[in-house]
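One structure below.
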Amino acid sequence: MAGSKDVMAPVVEKLHELRLLHIVNYNSSMPEFELGKPLGKGKEFSEDLIKLRSMARYLDIKSKAPEVTYPESQVVSQMDDLLNNVGAEVNSTFERITEIETEVKSKQDQIKVLRPLAALPLPLEAYHGYDSLAVFVGSVASAVDADVAKVSSVSEVYFASSKNANIAAVFVPADKEEEVSSVLAEHGFAEMSVPKMEGSVDSAISALESEIKRLDGEKAPLQQKLKDLRKQHEDMILAADEYLSIQTQKTDAPLRFAETGNAFVIDGWVPTEQFSQLQSGLDSAANGRIEVQKLEDGEANQLAEHGEDIPTQMNNPKIAKPYELITRLFAIPEYKEFDPTLLIYAFFPIMFGMILGDIGYGIMIFLVLLLLERKFRTDGWRQLINIVKISSIWAIIFGFVFGEIFGPLGLWGRIFGHLPEEEIISLKLQGLYFGEGVYGALGRLGPADMFPMDRLATNAVLVLIGVSIFIGVIHTGVGSILGIKTELNYGEKKHAYFERLPVLLFQVFLTLLILGLVMSMNMALIIPSLIVIVISIAMMVMGPEGPMGLAHVPFYVSNLISYLRLLAIGLASVGLAFAANQLAFQVIMPMLSGGAHTPTFVAIIVGTIVLFVVHFINLLLGILSPFMHPLRLHYVEMFTKFYSAHGGGVEYMPFGHVRRFLKV
Amino acid sequence: MVIADLGSLYGMIAIGAGLATGLAGIGAGMGEQGIGAAVVGVVAEEPGFLGKGLFLMLLPETLIIFGLAVSLILMFAWTPFGQYITVAAP
């Protein structure tokens, strides 16, 4: 947009109010245009802001969720009082406190020096004020009087040893100073500076101590005063900070514009659907003395392909919004890239749930998060908490599938019931044993009575290996398909068909090949899979990287195997929970599980402690690993297929300010 | 191959499985050690690098999964090798 300089101020005002335009800074690349100059009172605003910030620092005020909001006029009218009167008070109080602190510190240092001197029988004035004598006071490793006597015929040596150091005071004639000094150095002499004071050492120390006490007494009310000031002015200071930030933002805005003698030009991006709003808003603000133009659609696409940083605004349904945190942590999607947030929303919680898979832990995490939600109110924390909350619900669902409440159902069978012993044995013999728990009166459910599936049972592990790899193929497959789409968006046909497509084929048919091998050498599956795998490898060689493309093949194999972690991490957590239950119920308190044992008080206490500690550790690990590992599966296994290959994008940050402490 | 008793066969399988996961874990740990230190250094300078740093740090983690896969095969799916093993009559 271009406009007359006369309307610059209202245009900036309007832009700030609309919060729509992502301004592209002018880089003074064209000789006809120069950088704009700040508007009006910019300097004063920023000076005030510096004053205010230093005051906020002295008062230890940090940004927080707003409790009160102020109208702008009130902030403006109170600004002077706040900056000058309150500010001066804060500064002087803070300075006095610092002074006191340094004084106390120096007095404490003096006491530290004086303490060892107390062992010597000299008053303090004896150490100073000689013309013809050299004085050495300090700690030594061993007695020095004999050696000092050797170099100086006249000398006076005082020596005392306390529990951690020997202290010596040596008086010699001034002309012997150098010789004595070298003698002392041989004894590991470390000099101490004796403070210039009078009287006995003990009385000096007690005088210093009482002085410190007096200073501390003066400090306490000052600190209280700062606290009171903070309480009184905190909201106002934050509001003033916001007001001044907004003002400096507005006055400094022209620095980002291009300017000529009479006109200014602003470059920027605005979401397409809000363009007309921006245009009409600016037209009315500038009385028509501004020209706003937009790029044709094709032009933007061309710019993106040439590497222009077009800002991106992530646009996801409200429920998937928290997962933008995970996307953002990796990179902002580029203008023409697919935003993976929805995919993370679909896969991440399921993976988390499959790893944790425990009703007890799931409910615990959910409850803890409900508590945390009240404490942490910033956006970042909110998003994180929401992510884990949705995930913990999936953990509860998988808990039902796996029949786990704080460990596998076996021990909680009292609530849910067990299969009879002979049935378990016959299932084991048939190789159909998936666990011994039942869903109460419903018994066992699903094909081959698979559920509740005890993850520690051999068959369950085999099934879950299959499920993990299956999820892996779907996950990486979606990634590869998006990779093809993204490359086509950027017009890179060769990359799409000879780099992304073969990976998809390779991974899908590798899985089919393994499936064929496992299904007792099913040739109808093995042979076609082998053919497709060979073709896909050939395509990779023909691709843009040539034979070097082959180097990636092990990476694609390990991609799939990597999904085994979905099973493995879960197995580790069940194992720990199982061990805790076994240890507590079977070993320490067997009476609770029907064993012959007289219940003793000690056994019950120890058993309960073991139960709590191990489950607590497992719960902590149960939040951390099921979070980190799906994160990795997304970042390494999926994103590498389609995301951020062109280097991250730029986030859409419209010019403006969200008012938090000021009334709108 | 003739094995004297099933007990020692299972024992050896268990030891092998343990070694597979454990050694792979040590290897992955050694790999991550250097990367982790470097990533912490970069993140201290530039917090925006956290996501990519995490990505780099988690790369060697695949190694341990390889070891684990071998362990799982040993523990749960060693039957393909069963035909080559005969247990001597006591």
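We did not get these values from a lab; they are worked out from the coordinates using the rules stated. The model shown is predicted, which means the values in this text are computed figures rather than measured ones. Cβ placement follows ideal geometry from the backbone for every residue including glycine, while neighbour counts extend to all protein chains displayed.
Using a simple spin-label model with pseudo-atoms 7 Å out from Cα toward Cβ, residue A:225 and residue A:367 lie 4.9 nm apart.
Each Cα pair of the range A:263-401 feeds into the Kirkwood radius, which the Stokes-Einstein equation turns, at 20 °C and 1.002 mPa s, into a diffusion coefficient of 116 µm²/s.
Per residue of A:636-643, other chain Cβ atoms within 10 Å of the residue Cβ number 1 on average. The amide H of residue A:263, built 1.01 Å from its N in the peptide plane, has A:5 as neighbours under 5 Å, considering only residues 5 or more places off or on other chains. Take the Cα of residue A:319, step 7 Å toward its Cβ, do the same at residue A:185, and the gap between the two points is 8.1 nm. Note that the range B:20-34 has calculated 3J(HN,Hα) couplings of 4, 5, x, 5, 4, x, 4, x, 4, x, 5, x, 6, 3, x Hz, one per residue in order, obtained from phi through the Karplus relation 6.51 cos²θ - 1.76 cosθ + 1.60 (θ = phi - 60°); glycine and proline are x.
Extension gain for residue A:514-residue A:68 works out to 154.2 nm (0.36 nm per residue, less the C-alpha to C-alpha distance). 3J(HN,Hα) along the range A:603-618, derived from phi through the Karplus expression 6.51 cos²θ - 1.76 cosθ + 1.60 where θ = phi - 60°, amounts to 4, 5, 4, 4, x, 5, 4, 4, 4, 5, 5, 5, 5, 5, 4, 5 Hz, with x in place of Gly and Pro.
In plain terms, the residue of A:1, A:55 with the fewest other Cβ atoms within 10 Å comes first and the most crowded comes last, giving A:1, A:55. Note that the range A:51-91 carries a Kirkwood radius of 11.3 Å, evaluated over its alpha carbons pair by pair. What you get for chain A, charging only the Cβ of Lys and Arg (+1) and of Asp and Glu (-1), is a dipole of about 2220 debye around the Cα centre.
For residue A:318, the lysines whose Cα comes closer than 20 Å to its Cα, not counting residues fewer than 8 places off in the same chain, are A:389. If you sort the three axes of the alpha carbon gyration tensor as a ≥ b ≥ c, you get a/c of 1.5 or more for the range A:442-539 and a/b no higher than b/c, which makes it oblate.
Note on residue A:272 and residue A:309: their simple-model spin labels are 2.4 nm apart, each label 7 Å out from Cα toward Cβ.
The alpha-carbon of residue A:196 sits under 14 angstrom from the alpha-carbons of these aspartates and glutamates, leaving out residues fewer than 8 places away in its chain: A:109, A:125.
Once the Cα atoms are used to define both axes, helix A:201-252 deviates from the longest principal axis of chain A by about 40 degrees. Between residue A:428 and residue A:527, the FRET efficiency estimated from the beta carbon spacing at R0 = 51 angstrom works out to 0.90. Residue ranges A:576-584, A:121-129 sort as A:576-584, A:121-129 when ordered by packing (mean number of other C-beta atoms within 10 Å per residue, highest first).
If only the Cβ of Lys and Arg carry +1 and only the Cβ of Asp and Glu carry -1, the dipole of the range A:129-193 around its Cα centre is close to 300 debye. Placing unit charges on each Cβ (+1 for Lys and Arg, -1 for Asp and Glu) gives the protein assembly as shown a dipole about its Cα centre, and among B:33, A:550, A:87 the Cα reaching farthest toward its positive end belongs to A:550. The C-alpha atoms of the range A:1-151 occupy a region whose extents along the principal axes are 94, 46, 32 Å, arranged from largest to smallest. Inter-chain Cβ neighbour count for B:42-52, averaged per residue, equals 2 (cutoff 10 Å, partner chain atoms only). Running Debye on the range A:129-193 with equal point scatterers at the Cα sites and no solvent, what base-10 log of I(q)/I(0) appears at q = 0.13, 0.16, 0.20, 0.22 Å⁻¹? Values, matching the q order: -0.29, -0.45, -0.70, -0.84. In this structure the amide hydrogen of residue A:435, modeled in the peptide plane, comes within under 5 Å of the amide hydrogens of A:454, none closer than 5 places in sequence on its chain.
Direction-averaged shadow area of the convex hull around the Cα atoms of the range A:131-279, nm²? Average projection, Cα convex hull of the range A:131-279: 23.6 nm².
When the P(r) of the range A:213-310 is calculated, the portion above 18 Å amounts to 72% of the C-alpha pairs.
Work out the P(r) tail for the range B:2-76: percent of alpha carbon pairs separated by more than 17 Å, whole number. Value for the range B:2-76 (Cα pairs over 17 Å): 56 percent. Looking at the range A:71-170, the pairs of alpha carbons with a distance over 21 Å make up 60% of the total. Per-residue shielding of B:54-62, expressed as the average number of other chain Cβ atoms within 10 Å of the residue Cβ, stands at 6.
What is the diffusion coefficient of the protein assembly as shown in µm²/s, taking the Kirkwood radius over Cα pairs and the Stokes-Einstein relation at 25 °C with a viscosity of 0.890 mPa s? My calculation gives 72 µm²/s for D.
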